[in-house]
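K.L.:
The structure's right below; bear with me while I get my questions together.
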Amino acid sequence: MDRAALRPRVAALRARTAFRLRTAKPEPPAKTEPPAKTGPAERGRKARPAGRAKSTGRAKSASAEQGERRPLPLPLRLLAMLIAFAFMVAFAVVLARLTLEPSPASEALVHSNLRPGQSLKAYLNQPELRDAVKQIGGNLLLGVPFGVLVPVVAPRARGLVRVLLLTASVMLLVEFAQGALVTGRAFDVDDVILNTTGALIGYVLLGRRMSRAVHARERRVRRRGVPEQG
């Protein structure tokens, strides 16, 4: 087919398409639903989780503050320390009479002991159990007041290690004085061990609780935006 014959048809098709485009109606835009209005009830529901979190945080902080132990007032603390000091002085007098009093009758029987456990074996090998209980129990009881009274009288000496070191040091001085100055007495390392063990028992049973009751420390509570107060 000749190109000249196709030109009128192409022109007619172009005219039709142009006419259709002019007369075609534009499509309406899609309708969008307006956002739902939030009432005070719905706002309250959304704000409830934040309010609950704040309330739980306040409750936890209040319970933590209640769980903290507050120290006694200063007059009561001084009174407790004075009473403990009086008992400490009385105990020192009793200790001096029991350990530093000369015993000429036993001068030929006593001897120094530098080996841990040697005197304990001698105590346990005695024929009567009463004598062993008297020797071992007496040395243990001599150390108990150190574990009970020292943490109350001296707050800086609080703590198991400090109490044991202080008791061992005092008892070593007593044993050295016995061996060097007192007639009928001798240095015995087992007595120091038993006295220190007694201080350990006294501290675990009573001394730790009494020191916490008299010299309680306020715990530091960390809060966001609030510096710690020492």
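K.L.:
Translational diffusion coefficient of segment 124-166 at 20 °C, 1.002 mPa s, Stokes-Einstein with Kirkwood Rh over Cα pairs, in µm²/s as a whole number.
P.N.:
So the translational diffusion coefficient is about 180 µm²/s.
K.L.:
Under 20 °C and 1.002 mPa s, how fast does segment 129-216 diffuse according to Stokes-Einstein, given a Kirkwood radius computed over C-alpha pairs? Answer in µm²/s, whole number.
P.N.:
Translational diffusion coefficient: 161 µm²/s.
K.L.:
Still on this model: Run through every distinct alpha carbon pair of segment 88-131 and return the Kirkwood hydrodynamic radius in angstroms, one decimal place.
P.N.:
Result for segment 88-131, one decimal place: 13.0 Å.
K.L.:
Taking 7 Å along the Cα-to-C-beta vector as the label spot, tell me the PHE85-LEU172 distance in nanometres, rounded to one decimal.
P.N.:
For PHE85 paired with LEU172, the spin-label model returns 2.7 nm.
K.L.:
Using each residue's phi in segment 149-157, evaluate 6.51 cos²θ - 1.76 cosθ + 1.60 at θ = phi - 60° and report the 3J(HN,Hα) Karplus result to the nearest Hz, with x for Gly and Pro.
P.N.:
8, 4, x, 7, 6, 10, x, 6, 8
K.L.:
On average, how much area does the Cα convex hull of segment 96-156 cover when viewed from any direction, in nm²?
P.N.:
About 6.1 nm², averaged over all directions.
K.L.:
If you don't mind, there's one more thing I want to ask. Sorted by packing (mean other beta-carbon atoms within 10 Å per residue), highest first, where do 101-110, 162-171 land?
P.N.:
Sorting 101-110, 162-171 by mean packing, highest first, produces 162-171, 101-110.
K.L.:
Using modelled amide H (1.01 Å from N, peptide plane; none on Pro or chain starts), what sits under 5 Å from the amide H of ASP188, excluding residues fewer than 5 places away?
P.N.:
Those qualifying (amide H under 5 Å, at least 5 residues apart or on another chain) are ASN113.
K.L.:
If each of LEU74 and ARG115 carries a label point 7 Å out from its Cα toward its Cβ, how far apart are those two points in nm?
P.N.:
So the label points at LEU74 and ARG115 sit 5.7 nm apart.
K.L.:
Bin width 10 Å, origin at 0, all Cα-Cα pairs of segment 78-230: what percent of pairs per bin?
P.N.:
Spelled out per bin, shortest first, that is 11, 33, 29, 16, 6, 4, 2, 0.
K.L.:
In percent, how large is the relative contact order of segment 155-221, given Cα pairs closer than 8 Å and 6 or more residues apart?
P.N.:
Over segment 155-221, the number comes to 39 percent.
Read-outs: derived from the displayed coordinates by stated rules, not from any lab. Because the structure is a prediction, the values reported are computed rather than measured. Here Cβ is always computed from backbone atoms with ideal geometry, including for glycine, and neighbour counts include all displayed protein chains.
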